[in-house]
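K.L.:
Below you'll find the structure I mean.
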Amino acid sequence: MKNNSFDGIILDIDGTIWNTTGIVSIAWNKAIENSKFKAKKVNAQILQQEFGKPMDEIARDLWPNLNTSERDILISYCCTEEQIELEKCSLDITYPDVVETIKDLYPYENFFIVSNCQDGYIELTLKKTGLEPYIKDFECCGRTGKSKSENILMLCSRNGLQSPVYIGDTDGDAEACRQAGIPFIWASYGFGRTRHYIEELKKFSDLKRLIRK
């Protein structure tokens, strides 16, 4: 894979840049308890199976006993508590060498983010990781209401990208790339499994070897 093959590297967040599931499970359980809904609580392992999906799909998976209105209210509560807990978090929950690798490659590569997260989550991620100066643009389901593949295409159009690549950790990411018609690099250290990828990152710093300066 040659450096000039791609004009943009689009990143997923959860399971690719960092792992928030331990912190988020605490926040969501607080929201569940305060909501008074009869909803089962979560743990990090459950969230790792769900993260990467749109928020409404996660809510359906977790709380099938609730109606749509109740799920919408509860997932909103969860997102609010999540923001609070992540803002307070002083732990380094990024995967090893993610920040350093992006900084090292930044002079040569254009980095972007597309995620199925809620509005405001990418901004918080960039703030907490210190990656704000290194990400040229981003998009998310929570802001547009569109699928990941649609958001990938929207970001590519907005930035004039002709040959981008996406890095994510789940089969859902791979499918979104297939729908968008762009190649997928699998971050196998993350949450998910897939057989559909052009390259595998066993650790994020492998990107330096894959993309030759």
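The values are calculated or read from the model by the stated rules, or taken from the named source; none is laboratory data. Since this is a predicted model, take the numbers as computed values, not measurements. Note that each Cβ is placed from the backbone with ideal geometry, even for glycine, and that neighbours are counted across all protein chains shown. Surface areas here come from the heavy atoms of the whole protein model, side chains and all, with no ligands, DNA or RNA. Shrake-Rupley method; radii C 1.70, N 1.55, O 1.52, S 1.80 Å.
K.L.:
Taking H placed 1.01 Å from N in the peptide plane, check which residues at least 5 places from Ile167 or on another chain put their amide H under 5 Å from its amide H.
P.N.:
It is Ile10, Leu11, Asp12, Ile185, by chain and number.
K.L.:
A follow-up question, please. Taking R0 as 41 Å, what FRET efficiency do you get between Asp97 and Asn67 from their Cβ-Cβ distance, rounded to the nearest 0.05? Display every interim value, and only then the final one.
P.N.:
Values: r = 44 Å, r/R0 = 1.08.
Efficiency for this residue pair is about 0.40.
K.L.:
Which net charge results when you count Lys and Arg as +1 and Asp and Glu as -1 among the other residues whose beta-carbon is under 13 Å from that of Ala39? Before the final figure, lay out the partial values.
P.N.:
Values: positive: Lys30, Lys36, Lys38, Lys40, Lys41, Arg60, Arg71; negative: Glu33, Asp61, Glu70, Asp72.
Cβ neighbours under 13 Å give a net charge of +3.
K.L.:
Once a ≥ b ≥ c are taken as the square roots of the eigenvalues of the Cα gyration tensor of segment 55-155, is the result rounded (a/c under 1.5), prolate (a/b larger than b/c) or oblate (a/b not larger than b/c)? Provide the component values of the computation, followed by the final result.
P.N.:
Details: a/c = 2.80, a/b = 1.61, b/c = 1.74.
Since a/c reaches 1.5 but b/c is at least a/b, the shape of segment 55-155 is classed as oblate.
K.L.:
A further question on this structure: By average Cβ neighbour count within 10 Å, what is the ranking of 48-59, 64-75 from highest down?
P.N.:
On the way: 48-59: 19.3, 64-75: 14.7.
Highest to lowest by the protection proxy: 48-59, 64-75.
K.L.:
Tally Lys/Arg at +1 and Asp/Glu at -1 over every other residue whose Cβ is under 15 Å from the Cβ of Lys88; what's the total?
P.N.:
Details: positive: Lys30, Lys127, Lys128; negative: Glu81, Glu82, Glu85, Glu87, Asp92.
After counting each charged neighbour, the total is -2.
K.L.:
Same structure, new question: Quick check for me: using +1 on Lys/Arg Cβ and -1 on Asp/Glu Cβ, what's the dipole size of the chain about its Cα centre, in debye to the nearest 20?
P.N.:
Values: 27 positive and 32 negative charges, 57 e Å.
Rounded to the nearest 20 debye, it is 280 debye.
K.L.:
Hey, another quick one. Taking all protein chains in place and a 1.4 Å probe, what share, in percent, of the accessible surface of segment 110-213 do carbon and sulfur account for?
P.N.:
Numbers: 2130 of 4700 Å².
The value for segment 110-213 is 45 percent carbon and sulfur by accessible area.
K.L.:
Right, another one. Let me know the shape class of segment 25-84, please: from the alpha-carbon gyration tensor, a ≥ b ≥ c as square roots of the eigenvalues, rounded when a/c is under 1.5, otherwise prolate if a/b is greater than b/c, or oblate.
P.N.:
Numbers: a/c = 1.36, a/b = 1.05, b/c = 1.29.
Rounded, because the longest to shortest axis ratio a/c is under 1.5.
K.L.:
Quick check on my link table: of Lys103/Lys146; Lys103/Lys148; Lys30/Lys146; Lys40/Lys128; Lys103/Lys202, which ones sit more than 27 Å apart, alpha carbon to alpha carbon? Don't skip to the answer; put the middle values down first.
P.N.:
Values: Lys103/Lys146 30 Å; Lys103/Lys148 25 Å; Lys30/Lys146 29 Å; Lys40/Lys128 29 Å; Lys103/Lys202 19 Å.
The pairs that break the limit, which is 27 Å between Cα atoms, are Lys103/Lys146; Lys30/Lys146; Lys40/Lys128.
K.L.:
While we're looking at this one, here's another question. With a 10 Å radius around each residue's Cβ, average the other Cβ atoms per peptide and rank 19-31, 119-131, highest first.
P.N.:
Working: 19-31: 20.5, 119-131: 17.4.
Ranking, from highest mean packing down: 19-31, 119-131.
K.L.:
Also, I was wondering about something else. Hey, what do the phi angles of segment 59-72 turn into as Karplus ³J(HN,Hα) couplings, whole Hz, using 6.51/-1.76/1.60 and θ = phi - 60°, x for Gly and Pro?
P.N.:
Rounded to whole hertz, the list is 4, 5, 5, 7, 10, x, 6, 8, 7, 4, 4, 5, 5, 4.
K.L.:
Would you mind getting me the FRET efficiency between Met154 and Arg60? Use the beta-carbon distance for r and R0 = 30 Å, nearest 0.05. Don't skip to the end; give the middle numbers.
P.N.:
Numbers: r = 25 Å, r/R0 = 0.82.
Efficiency, rounded to the nearest 0.05: 0.75.
K.L.:
Further question on the same structure: Please compute the net charge surrounding Thr21, taking Lys and Arg as +1 and Asp and Glu as -1 over other residues with Cβ under 10 Å from its Cβ. Mind dumping the intermediate values first?
P.N.:
Details: positive: none; negative: Asp14, Glu50.
Result for the neighbourhood of Thr21: -2.
K.L.:
Modelling each spin label as a point 7 Å along the Cα-to-Cβ direction, I'd like the Ser205/Ser188 distance in nm, to one decimal.
P.N.:
My value for the distance between the label points is 1.8 nm.
K.L.:
Just want the answer: with Cβ charges of +1 for Lys and Arg and -1 for Asp and Glu, which residue in Ile58, Ser188, Thr94 is farthest toward the dipole's positive end in the chain?
P.N.:
Ser188
K.L.:
If you don't mind, there's one more thing I want to ask. Using only alpha carbon positions, build the gyration tensor of the chain, then give the equivalent ellipsoid semi-axes as the square roots of 5 times its eigenvalues, largest first, whole angstrom. List each step's numbers first, then the result.
P.N.:
Values: eigenvalues 177, 63, 46 Å².
Listed largest to smallest, the semi-axes of the chain are 30, 18, 15 Å.
K.L.:
Also: Apply the a/c threshold of 1.5 to the C-alpha gyration tensor of segment 89-213 and tell me whether it is rounded, prolate or oblate. If you can, show how the numbers build up before the last one.
P.N.:
Working: a/c = 1.27, a/b = 1.07, b/c = 1.18.
Cα axes put segment 89-213 in the rounded bin.
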